[in-house]
Amino acid sequence: MSAEIASGSAGTLRVTVVSPERQLFDGEATAVVAPAYDGEVGILPRHAPFLTLLGKGNLVVRHGAETQQFRVAGGFAQVAGNRVRIVVEQAEVTSAT
């Protein structure tokens with residue numbers, strides 16, 4: 001994997017969403033909205049390093065006009081170097097446009 005893909009190209013994030021059963025998403029995104037345990041958190045490119053526990057709610061991954069939505073419960077989200085890793089205890093895909 002090239003350094004550009006690993007860290008996301010300019011204006012994008014590299015996002016991975018995994019559950020114990022499978023990988024749900026691995027790709028580029030322009031924004032992520034995650035249900036942190038104490039409220040929603042928005043993540044854009046060049047976000048400061050960040051780690052949070054996840055609660056129950058909707059996880060939204062956007063890339064331009066395309067949106068992937070997941071219903072998640074538990075886990076954590078990590079942001080480092082334009083890479084977002086989301087590890088969830090439970091998840092289901094609710095929509096993809």
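Structure above, values below:
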item: The lone exception for Glu66 - which of (1) modelled with pLDDT of 95 or more; (2) within 20 Å of Thr97 (Cα to Cα); (3) among the charged types (D, E, K, R) it fails; result: (1)
item: Residue under evaluation Val41, criteria (1) at pLDDT below 95; (2) surrounded by 15 or more Cβ atoms within 10 Å (Cβ to Cβ), criterion not met; result: (1)
item: Leu53 under 16 Å from Ala80 (Cβ atoms), at pLDDT 95 or above, surrounded by fewer than 17 Cβ atoms within 10 Å (Cβ to Cβ) and aliphatic (A, V, I, L, M); result: no
item: Some residue of the range 28-43 being out of contact with any strand residue (DSSP E or B) (no Cβ under 9 Å at 6 or more places or on another chain), of a type outside the set (Asp, Glu) and without any contact (Cβ under 8 Å) to a residue 40 or more places away in the chain; result: yes
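The values are calculated or read from the model by the stated rules, or taken from the named source; none is laboratory data. Owing to the predicted nature of the structure, the values given are computational and were not obtained by experimental measurement. Neighbour counts run over all protein chains shown; Cβ positions are idealised from the backbone, glycine included.
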